[in-house]
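A short write-up of the structure that comes next.
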Amino acid sequence: MKSMTESFLQDLARLLGPAHVTSDAQTLAALATASVKPAALCRPGSNEEVAAVVRLAGEKRVPVIPCGGWTAMNYGAPAREGALALSLLRLDRMLAYEPSDMVASAQAGMSFRAFQDALFEKGQWLPLDAPEAATLGGLVATDRSGPRRLAYGTLRDLVLGLTVVNGDGVLRKCGGRVVKNVTGYALERLYIGSLGTLGIITEVTVKLRPRPETASVQELTLPDFERGFNATRELALRLPFSAATASFPGKPYVAQLGIEASPPDHARILREIEAVAAKTGASLQETGATSVDADDWPARARRLRAIQLKSGETVEPPLAARLTWPTRAGDFPAQLRNLDPLALETGFGFLMAFLDFPGQVSVELFGEAEPETSTSTSTSTSTGTNTSTNTRTGGERTPDLDALVKQLRGDGLPATVVWKAGGQALTEPIWGPPRGEWALMREIKKTLDPPGILNAGRFIEGI
Ligand SMILES: Cc1cc2nc3c(=O)[nH]c(=O)nc-3n(C[C@H](O)[C@H](O)[C@H](O)COP(=O)(O)OP(=O)(O)OC[C@H]3O[C@@H](n4cnc5c(N)ncnc54)[C@H](O)[C@@H]3O)c2cc1C
């Protein structure tokens, strides 16, 4: 792969206008993450301009990183150096919205916030937990999900059609604007979660949902993790709510349950949750929020583990790595029980696990926070539970992420390393050990991105 030349930048400026191309060091430094350090940034203003940039980059073998709100750019393996970031943010218009069909099409650079605002006016929405600055194209390319997955499914269930520019610079449409429209392969599915390695998404058509009139978040707390987990699980099997749990092994169980429904359904679901809480001895408290905040929830849980130094200063232990894997909810308690001693053995201070029902575990691993000066502390949660923190004072061991990941994979957990702090060595591949279907994926990549320029290096080996 060649690096970017001055003449390439001039060609780009001729295509898009100089105002839409930059290689300014300060602008680029502000964008850099552990995975992505672009050498230039361009902002095409139409599908045709996106296609022209990709053709030019293909000819010159310059890697291209499509980007939107830049909210998930620390995700994935490091991109090849000398890459061109291609921003979709100028493609930000609603293209067609039929409230009576509950379908909307928009350009891929439209922000999640702007899209939702347009839908809210008609009493509809896209039921995702995404950050406001995320774009529709970024949402499709990453296909992550949060607490609402339990109640509504994921974006994968809602995408009807896409327009993409593949790595050969050709604009292609797949899927359509109605629910049953496919003859042949549902090619739009290929791009969902492909992290922008097969094509640059320029337009997105999605199914919508009616926006619920009443919303509340109930926080359920039980002193015992297994009982709390089983109570949530029992409820989740029969009631539609969004849910997130944060678990520290050996600590109280806390779950947030988000109810979004019509007033009578809201009252019914709440009654059932209250009945299970009463039966299991759980405390239940309304938080005052209207949705389970996928951003604030981990931060709040992390603060429960803040450590009081002798000076009186409070420090939060440093986050060292974040892992994720699919799981069956019933396997989660045992996985957590096994993981806790493994985390300690491999030098991590403690771990915190989140379960997005029904099937995804995220684990955050922490280093020690200044162990030589720390003491134990006791923090009161909003539910009145006291969580005491005893810092281990085992010296300054560097956590061994490699050993932990190897062991997990050896135990059959297909862990992906979503993020790791600088300084953490990792020889294990972040997406997991090579699997049989990767050869087929490489063939698909070659077909849809013949020059191999789209997000080169960020996905599985060879893609
Ligand atoms: C706490 C939290 C909860 C979340 N919950 C959900 C959820 O429930 N459901 C959900 O769907 N998402 C969820 N997300 C959002 C998701 O993980 C990403 O943050 C978001 O989708 C990225 O959008 P972006 O525009 O910022 O993309 P960027 O950060 O700019 O890019 C992210 C990736 O997508 C690629 N990409 C971006 N735009 C395009 C495009 N037009 N074509 C091809 N590739 C592209 C990039 O190359 C990059 O690899 C959540 C995120 C967070 C932080």
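The values are calculated or read from the model by the stated rules, or taken from the named source; none is laboratory data. Since we're looking at a predicted model, the values are computed, not measured. Cβ sites come from the backbone with ideal geometry, for glycine too, and all protein chains shown count toward neighbours.
General observations
- Candidates in the stretch 148-158 are the residues that are more than 10 Å from the ligand (Cβ to nearest atom) and touching an Asp or Glu at 6+ places or on another chain (Cβ under 8 Å); of these, the one that is farthest from Arg233 (Cα to Cα) is Ala151.
- Applying the set (1) assigned to a loop (DSSP other than H, G, I, E, B); (2) over 23 Å from Leu239 (Cβ atoms); (3) modelled with pLDDT of 75 or more; (4) of a type in the set (S, T, N, Q) to Ser311 leaves exactly one unmet item: (3).
- Some residue of the stretch 64-79 being touching a Leu at 6+ places or on another chain (Cβ under 9 Å) and either in the same structural domain as Ala321 (by TED's automatic domain parsing) or away from the ligand (no atom under 11 Å from the Cβ) (or both): no
- Against the list (1) modelled with pLDDT of 95 or more; (2) in contact with a Cys (Cβ under 9 Å, 6 or more places away or on another chain); (3) aliphatic (A, V, I, L, M), the condition Leu31 fails is (1).
- Test: residue in the stretch 98-110 that is at pLDDT 95 or above, within 8 Å of the ligand (Cβ to nearest atom) and of a type in the set (A, V, I, L, M): yes
- A single member of Leu401, Leu454, Leu426, Leu365 is within 22 Å of the chain's Cα centre (by Cα), modelled with pLDDT of 90 or more and within 27 Å of Arg337 (Cα to Cα), and it is Leu401.
- Only residues that are free of Cβ contacts under 8 Å to residues at least 12 places away in the same chain and either within 16 Å of the ligand (Cβ to nearest atom) or not small (Gly, Ala, Ser) (or both) were counted across the stretch 428-463, and they come to 6.
- Hey, Phe241 in contact with a Phe, Trp or Tyr (Cβ under 6 Å, 6 or more places away or on another chain) and not assigned by TED's automatic domain parsing to the domain that holds Phe112 or not: no
- Flag for Arg43 being more than 29 Å from the chain's Cα centre (by Cα) and under 21 Å from Val164 (Cα atoms): no
- The criterion of at least 2 residues that are β-branched (Val, Ile, Thr) and within 30 Å of Leu336 (Cα to Cα) is met, among helices (runs of 4 or more DSSP H) falling completely within the stretch 181-281, by 263-280.
- Residue count for the stretch 217-234, restricted to those that are touching a Leu at 6+ places or on another chain (Cβ under 6 Å) and in contact (Cβ under 8 Å) with a residue 60 or more places away in the chain: 2
- Sole exception among (1) part of a strand (DSSP E or B); (2) farther than 30 Å from Thr5 by Cα for Ala85, by number: (2)
- A single entry from Leu198, Leu208 fulfils the requirement of being more than 25 Å from Trp125 (Cα to Cα) and more than 8 Å from the ligand (Cβ to nearest atom): Leu198.
- Filter result for Val62 (touching a strand residue (DSSP E or B) at 6+ places or on another chain (Cβ under 6 Å) and in a helix (DSSP H, G or I)): no
- Arg172 vs. criteria in a helix (DSSP H, G or I), out of contact with any Pro (no Cβ under 8 Å at 6 or more places or on another chain) and without any contact (Cβ under 8 Å) to a residue 60 or more places away in the chain: no
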